[in-house]
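K.L.:
The structure follows.
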C-alpha cells in the first residue's frame, strides 16, 4: 500500500471514529472503539490518530473556506470555550 493510500485509509478510519463520536448514543461509541481495538489491536491507535489529525486539518480548512475564519481563530475560539468550563 502506498503512503497516499495509507493516508486515505487512516482518514476513513478517523471519519468512522468521528461518526461514532457524533452519535447521540454513547454505547455506540464504546462499541465502535472496542471493535476497533479488537479488530486491529492497540498498535492501530497511531494510525487512527494520524487519520484524526488529517481529518481535523480538513475540517479547519473547510471552515476557513466556507466562513473565512482562520484555523488559528477557530482553535482559539475552541480554547476559550473550554477555558470557560
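Read-outs throughout are calculated quantities, based only on the coordinates presented, and are distinct from any laboratory measurement. Just so it is clear, the model here is predicted, and its values are computed rather than measured. Note that each Cβ is placed from the backbone with ideal geometry, even for glycine, and that neighbours are counted across all protein chains shown.
K.L.:
Would you give the gap between the C-alpha center of the stretch 10-25 and the C-alpha center of the stretch 37-61, rounded to a whole Å?
P.N.:
10 Å
K.L.:
What number, rounded to the nearest 500 deg cm²/dmol, is the helix-based mean residue ellipticity at 222 nm of the chain, given -39500 (n - 2.57) per DSSP H run of at least four residues and division by all its residues?
P.N.:
Numbers: 4 runs with 71 residues, N = 85.
Computed mean residue ellipticity for the chain: -28000 deg cm²/dmol.
K.L.:
Let me ask another. With semi-axes √(5λ) of the Cα gyration tensor in Å as the read-out, I listed (i) 29, 16, 12; (ii) 26, 19, 11; (iii) 31, 12, 10; which label goes with the value calculated from this structure?
P.N.:
The value matching this structure is (ii).
K.L.:
For the pair residue 64/residue 5, report the inter-label distance in nm, with labels modelled 7 Å from Cα in the Cβ direction.
P.N.:
Taking the two extended label points, one gets 3.0 nm.
K.L.:
Which whole-number percentage describes the relative contact order of the chain, with Cα contacts under 8 Å and a sequence gap of 6 or more? Mind showing how you got there, number by number?
P.N.:
Values: 42 pairs, mean separation 26.6, N = 85.
RCO, the chain: 31 percent.
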